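What follows is a set of notes on a single structure, which appears directly below.
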Amino acid sequence: VVLNAQPLLDRTGARIGAVGSSYDVTALREREADLAAFAGVAAHDLRAPLMVVAGYTDLLAEDLEDGAAPASMQPTVTRIKVGVRRMQQLIDDLLAYATARDARVNLQKVDLGEVVADIIAERTTHLRAGGRGRDPAPPPEFSVGPLPVIEADPSMIRQVFDNLIGNALKYTRPGEPARIDIAAHHPDDEPSTVRLTIADRGIGIPADEQPHVFDQFHRVAAHTKAYTGTGLGLAICKRVLQRHDGTIRATDNPGGGTCMIITIPLAGTLATDPPRSPASP
Ligand code: ADP
């Protein structure tokens, strides 16, 4: 059962109630194919009304800036914006999840060095712009080894690295800079495969949780208070890698923190039995 509770505050910040929701995901877990199809349709249909809410909230924020709306509304508008941003994230994740499961894998040459450099540039600009929603975090430190060109679906593989780098940036201790090492290894016993590691020095994942963080909607209970998320990012990564005949697992980083280990064939291999939803064409 997934429980979600948000306090409802008045303009002075006093608690006047709470909004809660709970849903039992057991049955859904058993019908993953249905869920992926449903996720895609629901997310698509939720996007339009959410854009309307986001648009009017922006108008209200402009009125506040111009003094056309009372300044006492500022905290309310800020809270609506946070809620809207969370819903946008959930919708994006649901769509990515449906895509990772059902979209056709389109194998092309992908320069992983370029993909990673792009994501780092994008994510660090976002941080400088104050996108984290907390106190400005110290700038992250990246060390990126030479990365190979592989054959894979470019947008799916980008999604994997974006989710993993996003997590490595997010699950840090407040006030500490994220330190992220990304490297490629070429195992002697499997020359057709590359092993990629994304290691961080963040809060880590308890060993007994490491195999489960790839399940859809699974979040480490100890993390849910301080860090927002949907629990879909790693499920997307696992699905994308499965479809490329690759693997992903989580281990402790010997230096403290988490190390995500990916294996993927260099010369693009598709899973022999690509998972397809009964609802997909
Ligand atoms: P979320 O949207 O919650 O970040 P993910 O599927 O990406 O969802 O990750 C699942 C859970 O695994 C997270 O809620 C978090 O508890 C844990 N996790 C993932 N990556 C890391 C990391 N680099 N360090 C610590 N915990 C992590």
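The values are calculated or read from the model by the stated rules, or taken from the named source; none is laboratory data. Not measured: the values here are computed from a predicted model. Cβ sites come from the backbone with ideal geometry, for glycine too, and all protein chains shown count toward neighbours. The accessibility values were calculated without ligands, DNA or RNA, using every heavy atom of the protein model including side chains. Shrake-Rupley method; radii C 1.70, N 1.55, O 1.52, S 1.80 Å.
Among the conditions (1) among the β-branched types (Val, Ile, Thr); (2) at pLDDT below 95; (3) near the ligand (Cβ under 9 Å from one of its atoms); (4) open to solvent by less than 70 Å² (accessible area, probe 1.4 Å), the only one that Thr258 does not satisfy is (2). From the list Gly20, Gly13, Gly55, the one residue that fits, being surrounded by fewer than 14 Cβ atoms within 10 Å (Cβ to Cβ), among the small types (Gly, Ala, Ser) and at pLDDT 80 or above, is Gly55.
Out of Ile165, Ile150, Ile180, one residue alone is over 16 Å from the mean Cα position of the chain (by Cα), within 11 Å of the ligand (Cβ to nearest atom) and either more than 23 Å from Gly255 (Cβ to Cβ) or open to solvent by less than 20 Å² (accessible area, probe 1.4 Å) (or both). It is Ile180.
Identify all residues within region 225-245 that are more than 11 Å from the ligand (Cβ to nearest atom) and within 14 Å of Ile198 (Cβ to Cβ); write none if there are none. Passing the criteria: only Leu241.
Considering the conditions (1) over 24 Å from Thr263 (Cβ atoms); (2) within 11 Å of the ligand (Cβ to nearest atom); (3) touching a residue at least 24 places away in the same chain (Cβ under 8 Å), Ala222 is excluded by exactly one of them, (3). The C-beta contact set for region 73-96 (first residue acidic (Asp, Glu), second residue at pLDDT below 90 and surrounded by 15 or more Cβ atoms within 10 Å (Cβ to Cβ), distance under 6 angstrom, 6+ apart or interchain) comprises Asp93/Thr230.
Looking at region 94-101, can you tell me whether even one residue there is at pLDDT below 85, touching a Pro at 6+ places or on another chain (Cβ under 9 Å) and not in a strand (DSSP E or B)? There is at least one residue in region 94-101 that is at pLDDT below 85, touching a Pro at 6+ places or on another chain (Cβ under 9 Å) and not in a strand (DSSP E or B).
Within region 192-219, the set of residues being surrounded by 15 or more Cβ atoms within 10 Å (Cβ to Cβ), more than 9 Å from the ligand (Cβ to nearest atom) and of a type in the set (D, E, K, R) comprises Arg195, Arg201. Confirm whether Gly231 is farther than 30 Å from Arg104 by Cα and assigned to a loop (DSSP other than H, G, I, E, B). Considered against the rule, which asks whether it is farther than 30 Å from Arg104 by Cα and assigned to a loop (DSSP other than H, G, I, E, B), Gly231 comes out as no.
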